[in-house]
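**Student:** If you scroll down you'll find the structure; I have some questions about it.
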Amino acid sequence: MDPLVIAGKTFQSRLIVGTGKYKDGPQTAAALEASGAEMVTVALRRVNLDRSKESLLDFIDPKKYFLLPNTAGCYTAEEAIRVARLAREVGMSDWVKIEVIGDQKTLYPDVAATIEATRILVKEGFTVMPYTSDDPVAAQRLLDAGAAVVMPLGAPIGSGLGIQNVANLRILREMITSVPLIVDAGVGVPSDAALALELGFDAVLMNTGIAGAQNPVLMASAMKHAVLAGRQGYLAGRMTRKLYASASSPMEGISK
């Protein structure tokens, strides 16, 4: 047993998945099942809250998955705060993934607005999981604001470029030990997810890497196994790097 613990809540899976960009509800449900994820993010601004009509929520079993509303599509702290409050008001959750975009082309986060929204929502009793840059100073400010986790991007949202700044992520892992660290955004293939866990990150959050694959359900399964392998590799401890070769079968004790 190697659980992920966030704000006192325990999860067995270290893969968190989004629910956007799938072709339809049944494919969404199949991909979630294949991923083995226990926590799924839902963009409240894209959900039909009129339950008399078909909604994304019809394909997500709340008894099986922990719903994490997110503030995707928000460009100010005020917008993000309003969406978080609405999610709680309609009974979804008092947990929220805060996402405040600062630039429409790159979808990079507005860090100052993210910190502001985090501080206000934490005071209102929310468990806040902020999407942010890989800046160690910003991470510290989010911790000061009461964030339950820190979720730096691996690469721009939806790019599939994989982790672009390993050095900063290593610094973050060394610097932050009080809350979980989760790579959020940029994962394209299973090896990206494995690398995040091998670096010591506690989990990885992704959407397009699965939903944008030619076979999303198969990719979801691959990501599940990659996260498991990456975590086990981190816990096992890698061998020491050496400049020169070292024989797999040492010569000592071999008769001539």
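**Student:** From the phi angles alone, apply the Karplus equation (6.51, -1.76, 1.60; θ = phi - 60°) to the range 161-172 and give each ³J(HN,Hα) in whole Hz, x where the residue is Gly or Pro.
**Tutor:** So the J values, rounded to whole Hz, are 6, x, 5, 9, 10, 4, 4, 5, 5, 5, 4, 4.
**Student:** Residue by residue, what Karplus-based ³J(HN,Hα) values in Hz, rounded to whole numbers, does the range 83-88 have, using 6.51, -1.76 and 1.60 with θ = phi - 60° and x for Gly and Pro?
**Tutor:** Whole-Hz 3J(HN,Hα) from phi for the range 83-88: 5, 4, 5, 5, 4, 5.
**Student:** Please report how many Lys pairs in the chain have alpha carbons closer than 26 angstrom, counting only residues at least 8 apart along the chain or sitting on separate chains.
**Tutor:** For the chain, qualifying lysine pairs total 27.
**Student:** Okay, next question. Of Pro156, Thr177, Leu218, which is farthest along the charge dipole of the range 131-256 in the positive direction, counting Lys and Arg as +1 and Asp and Glu as -1 at C-beta?
**Tutor:** Leu218
**Student:** Another one. On average, how much accessible surface per residue is there in the range 110-256, in Å², for a 1.4 Å probe, leaving out ligands, DNA and RNA?
**Tutor:** I get 50 Å² per residue for this part.
**Student:** While we're here: Starting from the amide H of Asp134, placed 1.01 Å from N in the peptide plane, find each other amide H under 5 Å away whose residue is 5 or more places distant or on another chain.
**Tutor:** Leu153
**Student:** Counting only protein heavy atoms and a 1.4 Å probe, tell me what percentage of the range 155-256's accessible area is made up of carbon and sulfur.
**Tutor:** Using a 1.4 Å probe with all protein chains present, the range 155-256 comes out at 55 percent carbon and sulfur.
**Student:** Pull up all non-local amide H partners of Ile6: gap of 5 or more, or a different chain, and H-to-H distance under 5 Å with H placed in the peptide plane.
**Tutor:** Correct list: Phe11.
**Student:** In whole Hz and in residue order, list the ³J(HN,Hα) couplings for the range 11-19 that follow from phi through the Karplus curve 6.51 cos²θ - 1.76 cosθ + 1.60, θ = phi - 60°; x for Gly and Pro.
**Tutor:** 10, 7, 8, 9, 10, 10, 10, x, 10
**Student:** List every residue whose amide H lies under 5 Å from the amide H of Asn70, counting only residues 5 or more places away in sequence or on a different chain, with H placed 1.01 Å from N in the peptide plane.
**Tutor:** Distant-sequence amide H within range of Asn70: Val42, Ala43, Leu44, Lys97.
The values are calculated or read from the model by the stated rules, or taken from the named source; none is laboratory data. Keep in mind the model is a prediction, meaning the values are calculated, not measured. Here the Cβ is made from the backbone with ideal geometry for all residues, glycine too, and neighbour counts use every protein chain on show. With ligands, DNA and RNA removed, areas are computed over all heavy atoms of the protein, side chains included. Shrake-Rupley method; radii C 1.70, N 1.55, O 1.52, S 1.80 Å.
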